[in-house]
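Below you will find the structure I want to go over with you.
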Amino acid sequence: MKSIKFMLFLLMISNTPLLLKAQQVNSLYFMEDVPVRHFLNASFQPTTDFYLSLPIIGFTQFNVGNNSLTLKDVIYNKNGRTISFLDSLGNIPRFYHTLKSNTMIDLDFQTNLLSFGFRHESVYWTFSLTEKMEGKVNVPKTLFQISLFGTPNPENNSFDFTKLEGDVSLYTEAALGYSKQLNKKWLVGGKLKFLMGTANISNGNNRFVMEAGTEKWTLKGTGTANYAGPVQLKNVDNYQNFSYVTPSTASGWLSPSGIGAGFDIGFEYRLNKKIRLSGAINDIGFIHWTANAQNYQYGVDYTFNGIQALNSNTTINTFQDVYNRLILGNTLIDSISNAFKSSTSSKVTTGSYTTVTTAKINLGFEYSLLNDKINLGLLSYTRLFKYILIEEITGSVNARPNKWLNASLSYSLLNGRLSTIGAGLGVKSGIFHWFMAADYIPFEKATLSLSDLGVGNPQINIPIPYNSKRFNLSVGMNLVLDKKERANRGLHSSNRKKDCNCDWE
């Protein structure tokens with residue numbers, strides 16, 4: 001494949017939202033009848049003696065979002081029509097000031113291949129085989145700054161792109177889980193995981209800075225980009241041109257490109273008959289990538305005359321204007337591409353490398369009412385990508401009025417923006433348990449006409465969530481069996497039947 005700005009693709013990968021990563025639906029955390037709830041806390045035991053989760057329909061979830069913006073910040077109604085912040089009636093400075101110093105974009109997906117679990121006295125064993133896409137993309141605010149405002153200072157402008165980084169992985173996770181009732185107050189659990197990587201693309205910058213002055217512009221930076229996967233990349237020419245070879249057999253596509261391991265740990269503590277505390281650390285792990293692994297080490301020190309399109313006097317009114325600044329003609333992307341072409345300290349090597357999975361921390365609090373038919377829950381959920389913390393706090397009211405119905409109503413404090421609500425519903429019908437949950441169901445939505453953005457058919461209108469940073473969804477259907485019908489929830493009930501071998505009282 002010729003004339004591809006290959007390294008630029010790796011560096012600017014965060015300009016697209018179509019990148020994948022893995023996240024949870026918080027509304028599931030307190031839905032005690034959902035058999036696959038142990039994915040959120042390894043100590044949680046399903047309420048049935050056995051469950052079987054079938055491929056895909058057993059448990060699938062996805063999440064899309066970011067930590068800076070809602071669509072309300074990008075498009076909104078004014079004077080009876082839908083406009084973008086770039087419109088002549090829009091507000092570019094307000095959009096810019098809404099951005100965090102680093103905007104994390106994520107779109108996550110995971111689906112079940114096989115999962116089952118069974119109870120043996122006070123122990124619950126689980127096994128799961130799950131396909132995951134996990135990615136993280138970070139866009140520094142300086143990239144928006146130069147795109148929207150150009151170079152407002154005629155003497156000296158400095159733009160630091162060092163934190164323009166991404167990491168996208170596709171892998172299969174096989175996990176063996178163990179949860180044990182220690183005594184009347186404590187449940188503890190853990191999982192050991194074997195990870196089989198399918199593909200990875202990632203990059204990291206040690207330094208990447210552009211200085212723009214009156215006489216010259218300079219671009220300096222060092223960093224590394226990595227690739228591993230079933231497709232072999234060949235003849236990478238200073239990051240500009242390359243060719244590739246695809247596997248000729250199905251086994252070539254399916255063989256792991258990397259191997260790794262990981263673990264989860266969790267606990268639940270019953271303080272008294274009303275209050276329960278819980279916590280979990282999930283997805284502590286790594287993958288060592290070997291198949292077709294290549295490391296692209298770059299070092300640039302490039303001086304050029306400047307970019308006319310980034311002159312601050314250039315008017316920006318549409319997304320096309322931003323595109324023209326970045327892509328067409330003598331633009332920012334051309335300059336970065338030329339910097340890599342002229343680089344004398346960059347090199348491509350073949351060799352294995354290691355990435356880590358995104359660690360997640362859950363801390364939960366529950367208060368029981370009406371003999372545990374209703375409980376109030378509060379959950380803190382935290383993820384970490386290098387130097388960026390993504391946090392959420394979710395409060396919920398959870399009901400289990402009988403043995404076949406479990407429902408939850410929740411609100412997420414940090415991303416809800418007073419315009420979304422979370423909900424979950426679980427129903428047991430015979431030997432089947434069905435559930436569905438989401439954290440950011442929007443109250444507000446906008447109708448976007450593609451013509452308002454300068455593209456597409458004016459007759460095409462798309463309803464979109466208006467004032468939320470995120471949307472997620474989790475659904476599943478599981479086969480559940482009990483040796484005996486139990487009106488209990490393990491440690492969660494003072495009414496567990498006495499024929500259980502566990503000491504709940």
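Scan region 73-100 and report the pairs whose first residue is of a type in the set (Phe, Trp, Tyr) and whose second residue is modelled with pLDDT of 80 or more and open to solvent by 90 Å² or more (accessible area, probe 1.4 Å), with Cβ atoms within less than 8 Å and a gap of 6+ or a chain change.
Pairs that qualify, where the first residue is of a type in the set (Phe, Trp, Tyr) and the partner is modelled with pLDDT of 80 or more and open to solvent by 90 Å² or more (accessible area, probe 1.4 Å), are Phe85/Arg94.
Spot the failing condition for Thr198; the list is (1) of a type outside the set (A, V, I, L, M, F, W, C); (2) in a strand (DSSP E or B); (3) open to solvent by 50 Å² or more (accessible area, probe 1.4 Å), and only one is missed.
Unmet for Thr198, out of (1) of a type outside the set (A, V, I, L, M, F, W, C); (2) in a strand (DSSP E or B); (3) open to solvent by 50 Å² or more (accessible area, probe 1.4 Å): (3).
Another question about this same structure. For region 345-377, enumerate the residues that are closer than 30 Å to Thr198 by Cβ, in contact with a Ser or Thr (Cβ under 8 Å, 6 or more places away or on another chain) and assigned to a strand (DSSP E or B).
Listed by number, the residues that qualify are Thr355, Lys360, Ile361, Asn362.
Give the residues of region 251-264 that are open to solvent by 10 Å² or more (accessible area, probe 1.4 Å) and within 16 Å of Glu173 (Cβ to Cβ), sorted by residue number. Before the answer, list the steps.
The first filter runs over region 251-264 and keeps only residues open to solvent by 10 Å² or more (accessible area, probe 1.4 Å), leaving 251-256, 259, 261-263.
Hits for region 251-264 are Leu254, Pro256, Ile259, Ala261, Gly262, Phe263.
Can you pull out every residue in region 359-373 that is on the phi < 0 side of the Ramachandran plot and open to solvent by 50 Å² or more (accessible area, probe 1.4 Å)? Can you show your working first?
The first filter runs over region 359-373 and keeps only residues on the phi < 0 side of the Ramachandran plot, leaving 359-369, 373.
Once the filter is applied, which keeps residues that are on the phi < 0 side of the Ramachandran plot and open to solvent by 50 Å² or more (accessible area, probe 1.4 Å), region 359-373 yields Ile361, Leu363, Phe365, Tyr367, Leu369, Lys373.
For region 131-172, enumerate the residues that are within 22 Å of the chain's Cα centre (by Cα), more than 16 Å from Thr358 (Cα to Cα) and β-branched (Val, Ile, Thr).
Selection gives Val139, Thr162.
Residue-wise test of (1) within 23 Å of the chain's Cα centre (by Cα); (2) of a type in the set (Val, Ile, Thr); (3) surrounded by 18 or more Cβ atoms within 10 Å (Cβ to Cβ); (4) under 18 Å from Ala291 (Cα atoms).
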{"residue": "Ala174", "(1), (2), (3), (4)": "yes, no, no, no"}
{"residue": "Leu182", "(1), (2), (3), (4)": "no, no, no, no"}
{"residue": "Gly189", "(1), (2), (3), (4)": "no, no, yes, no"}
{"residue": "Phe194", "(1), (2), (3), (4)": "yes, no, no, yes"}
{"residue": "Met210", "(1), (2), (3), (4)": "no, no, yes, no"}
{"residue": "Lys216", "(1), (2), (3), (4)": "no, no, no, no"}
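Which one of these is touching a residue at least 40 places away in the same chain (Cβ under 8 Å) and under 17 Å from Ala225 (Cβ atoms): Thr130, Thr162, Thr198? Steps first, answer last, please.
Values: Thr130 fails: under 17 Å from Ala225 (Cβ atoms); Thr198 fails: under 17 Å from Ala225 (Cβ atoms).
Answer to the check: Thr162.
Quick check on region 136-154. Is at least one of its residues at pLDDT below 90 and closer than 30 Å to Phe50 by Cβ?
No.
Is it true that some residue in region 263-285 is under 18 Å from Val231 (Cα atoms) and either part of a strand (DSSP E or B) or among the small types (Gly, Ala, Ser) (or both)?
To start, the set of residues in region 263-285 that are under 18 Å from Val231 (Cα atoms) comprises none.
Within region 263-285, none of the residues are under 18 Å from Val231 (Cα atoms) and either part of a strand (DSSP E or B) or among the small types (Gly, Ala, Ser) (or both).
Let me ask something additional. Which pairs turn up if I take residues in region 242-253 that are within 18 Å of Gln294 (Cβ to Cβ) and look for partners that are assigned to a loop (DSSP other than H, G, I, E, B) and among the β-branched types (Val, Ile, Thr) with beta carbon separation below 9 Å, at least 6 apart in sequence or on another chain?
Between residues of region 242-253 that are within 18 Å of Gln294 (Cβ to Cβ) and residues that are assigned to a loop (DSSP other than H, G, I, E, B) and among the β-branched types (Val, Ile, Thr), the close pairs are Phe242/Ile4; Tyr244/Val231; Val245/Val231; Thr246/Val231; Pro247/Val231; Gly252/Thr246.
Let me ask another. Every residue in region 93-107 that is modelled with pLDDT of 85 or more and open to solvent by 30 Å² or more (accessible area, probe 1.4 Å), please.
Answer for region 93-107, where residues must be modelled with pLDDT of 85 or more and open to solvent by 30 Å² or more (accessible area, probe 1.4 Å): Pro93, Arg94, Tyr96, His97, Thr98, Lys100, Ser101, Ile105.
What are the residues in region 202-245 that are at pLDDT 90 or above and outside any strand (DSSP E or B), if any?
Gly229, Pro230, Val231
Now a separate question. Out of all the residues in region 150-178, which are touching a Pro at 6+ places or on another chain (Cβ under 9 Å) and part of a loop (DSSP other than H, G, I, E, B)?
Matches in region 150-178: Phe161, Thr162, Lys163, Leu164.
The values are calculated or read from the model by the stated rules, or taken from the named source; none is laboratory data. Everything quoted here is computed from the prediction, not taken from an experiment. Note that each Cβ is placed from the backbone with ideal geometry, even for glycine, and that neighbours are counted across all protein chains shown. SASA here: full protein model, heavy atoms, side chains in, ligands and nucleic acids out. Shrake-Rupley method; radii C 1.70, N 1.55, O 1.52, S 1.80 Å.
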